[in-house]
Amino acid sequence: MANGSGGRGRFGQLGFIFAAVGSAIGLGNIWKFPYITYANDGGSFVLVYLIAIVLIGLPIMMAELVIGRSTRQSPVGAFVEAAKGAVGGRAWGAVGALGTLGSFILLSYYALIAGWTVYYFGQCLSWSFRGFDTGGQTLGDSFGAFLGNGPLQIGFHALFMAVTVGVVALGVQGGIERVAKTLMPVLGGILILLVVNSFWSPGFGEAVRFLFHVGPVTADGLLEAVGHAFFTLSVGMGAMITYGSYMRSRQSIPRSAAAITLLDTLVALMACIVMFSIIFSVDGAERAGTFGKSATILFTTLPQMFYEMPLGVVLAPLFYLLVGFAALTSTISLLEVVAAYLIDRRGLSRRKASLLSGGAVFLFGIPSALSLGAVTGFSSWAPLGERTAGFFDTMDYTVSNWILPLGGLTLAIFVGWFLSRSKSRDALADGHGDVSRWYFIWRDVLLRFLCPVAILWIIWAVIGGRSFA
Ligand code: TRP
C-alpha cells in the first residue's frame, strides 16, 4: 500500500492546514466570488458573506472535522461509525454517500473548468512572447470556439484529471500534503504580487470603494452568500470529513478551522481587489457592465485587459497559473473523497482507487465537456426544465442547489441533534483544551438552529424556482 504498512495516511500539522486551505481556495475564490460580488453590487454583500462564513461556514467546517477525526474514516464510514448508538444508526451513512456522490459530480465539471485555465495559461504565454493577437476574432468568439471544440475540451479535462490522479495516488503525505505545501506558497506569492501591482493602477481606489461601500442587500444576495460560504470552504460534501480523518489528534480543530476560514476569505477578497482594479482601470464602468452579465469574464475579457496594462505580459500568464494551482489543490480534495471511499469501504489499494475513481470521473465529465457547443444533444439536454440548458449546467445545478445544501443541512442536524454531546465535546477538546466557553453556542445555537434554518431557507427558495450558479 502506498500508505505504508496498511495504515491510513496522516497529515503533518502544517501539512493539514496547507491541504485544507488548498481545498478551500479554488475557482470559488478567484472566479465565482468576484463574479457574484459584482452581480450583488459589492459592499454590503461582502459584509453579509463574511457573516455567513463565520456563523454558518466555520461551525459546519468544525463539525466535519470533528466527525472525520473522531472516526478516522471517509464520509460513508465516518457517518456510520459516528452514528453508532444514535437514533437512525447506519442510515446516516446515506449522508456520507450523498456527499461522496456530490464530490464525484462536482469534480467532473470542476476539472473541466480547471482545464481551461491551463489552456489560457498557454495562450497568455504565447501572447506574452508574440504580442497580443487574437487573429481578428474577439476573445468572446475565440472562447466560444474553444468551448465548442470537443477534442480540446476532452483533452484538457483529461490532462487535469491525470495530474489530480497522480497526486492522489502518491498518498496523503507524499502526494496531497507535498503538493499543497509547494503550490500554496507560490499561489500566495503570485497573489500578493498582483495585489501590490494593483495599488498603482487607476482603478484601485474605485475597486476598494466598491468592495466596502454600504448599500442595500437583497434576499437573493443573502441566500447566495450562504450558499457560497459552503462552496468556498469545501464543506457540505464530506471533503473536510475526509481531510479531518488524516488530521493529528494533538492539533486543535477550532484553531485550524479558523485559520483555514481566514485564509480562504483573505484570498477571496484579494482576488476581488485584483480583478476589480483591472476592470475599473481599463475601461471604467462601461466594460465592467459586461462583468455582471457574464460569468465567463475570466476567459473573455480579462486576458485582453491584462495586456492593456503595464507589466501585463508578465502578470497575465502568472494569473492563469495562480488560478490553475488553486483549482488543482481543490480537485485533489474532491478526488480524495471518492478514492478514500474505495480504499476504506471497498478495500482497494490507494493506487487502484485513485485510478479507478479518476477514470470514472473523467468519463462522466465527457458529456459535460461536449455540452458547451460540441454536441447539440448534450448542449440542449434539459431534463430539469428551462432553468438549466445542457449537461454541464444540469450537473452544476444539481450539486450547487441540492446536494451541497442538503449535505450541509443533514450534517448540521446530525452533529447538532443526534451526535451525543460528550462525543463532539471530547473531539473538539482533543488537541485544543477547554471548549466550555463557546461549545454551547457552537452546538446548541449555531448547529442546532441557525445553520438548519438558513439552509432550509435556501432549499425553500430552490423549490420555489430560484437557482444559484
Ligand atoms: N472550495 C473549492 C472552491 O472554492 C471547491 C471545492 C473543493 C469544494 N472541494 C469541495 C466545494 C468540496 C464543495 C465541497 O473552489
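The values are calculated or read from the model by the stated rules, or taken from the named source; none is laboratory data. Keep in mind that this is a model prediction, so the values were computed, not measured. Heads up, the Cβs are rebuilt from the backbone with ideal geometry, glycines too, and the neighbour counts pull from every protein chain shown. In case anyone asks, the SASA skips ligands and DNA or RNA and just uses the protein heavy atoms, side chains included. Shrake-Rupley method; radii C 1.70, N 1.55, O 1.52, S 1.80 Å.
At-a-glance table
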item: Angstrom value of the Kirkwood radius, inverse mean 1/r, which spans all Cα pairs in region 206-263; result: 14.1 Å
item: Per-residue SASA entry for Lys423, accessible area with 1.4 Å probe, Å² rounded to 10; result: 90 Å²
item: Alpha-carbon spread of region 23-122, three principal axes, descending order, Å; result: 49, 35, 19
item: Calculated over the chain: convex hull of Cα atoms, volume per residue (Å³); result: 137 Å³
item: Relative contact order (%) - the chain, alpha-carbon pairs under 8 angstrom, separation at least six; result: 33 percent
item: FRET E, pair His432, Trp460, Förster distance 35 Å, beta-carbon r, rounded to 0.05; result: 0.45
item: Two-site label geometry, Leu159 and Phe449: point separation in nm, points 7 Å out along Cα→Cβ; result: 5.3 nm
item: Label-point separation in nm, Leu384 to Leu50, each point 7 Å along Cα→Cβ; result: 3.2 nm
item: Lys/Arg +1, Asp/Glu -1 at C-beta; the chain dipole; positive extreme among Gly464, Val226, Phe449; result: Phe449
item: Mean residue ellipticity (222 nm) of the chain, computed from DSSP H runs ≥ 4 via -39,500 (n - 2.57), nearest 500; result: -22000 deg cm²/dmol
item: In Hz, Karplus ³J(HN,Hα) per residue of region 434-439 (6.51, -1.76, 1.60; θ = phi - 60°; x = Gly, Pro); result: 5, 10, 5, 5, 10, 4
item: Student exercise, the chain dipole from Lys, Arg, Asp, Glu Cβ charges, in Debye to nearest 20; result: 1780 debye
item: Region 83-145 - convex hull of the alpha-carbon atoms, volume per residue in Å³; result: 104 Å³
item: Helix 404-413 axis, angle to the chain major axis (alpha carbon atoms, nearest 10°); result: 30 degrees
item: When the convex hull of its Cα atoms is projected in every direction, mean area for region 315-469 (nm²); result: 14.0 nm²
item: Leading residue at positive end of dipole, the chain (Cβ point charges), from Trp200, Pro216, Gly12; result: Gly12
item: Nitroxide proxy distance, nm - points 7 Å out along Cα→Cβ at Trp417 and Leu363; result: 3.9 nm
item: Size-normalised alpha-carbon gyration radius of region 404-455, reference 2.2 N^0.38 Å; result: 1.15
item: Sorted largest first, extent of region 1-71 alpha carbons per principal axis (Å); result: 54, 23, 17
item: Phi-based couplings in Hz for region 299-307 (Karplus 6.51, -1.76, 1.60; Gly and Pro marked x); result: 10, 10, 10, 4, x, 4, 4, 4, 6
item: Largest-first principal axis extents of the Cα set of region 146-261 (Å); result: 47, 47, 33
item: Probe 1.4 Å, protein heavy atoms only - accessible area per residue of the chain in square angstrom; result: 37 Å²
item: Within the accessible area of region 288-371 (1.4 Å probe), percent carbon and sulfur; result: 69 percent
item: Taking all pairs of distinct alpha-carbon atoms in region 207-365, Kirkwood radius in angstrom; result: 18.9 Å
item: Accessible surface of region 407-456, 1.4 Å probe, proportion on carbon and sulfur as whole %; result: 65 percent
item: Convex hull of Cα atoms in region 119-201, direction-averaged projection (nm²); result: 7.8 nm²
item: Relative contact order %, region 341-457, counting alpha carbon pairs below 8 Å whose residues are six or more apart; result: 16 percent
item: Ellipsoid equivalent to region 379-469 - semi-axes via the Cα gyration tensor, in Å; result: 37, 13, 9
item: Efficiency of FRET between Phe212 and Leu266 - r from beta-carbon atoms, R0 22 angstrom, step 0.05; result: 0.90
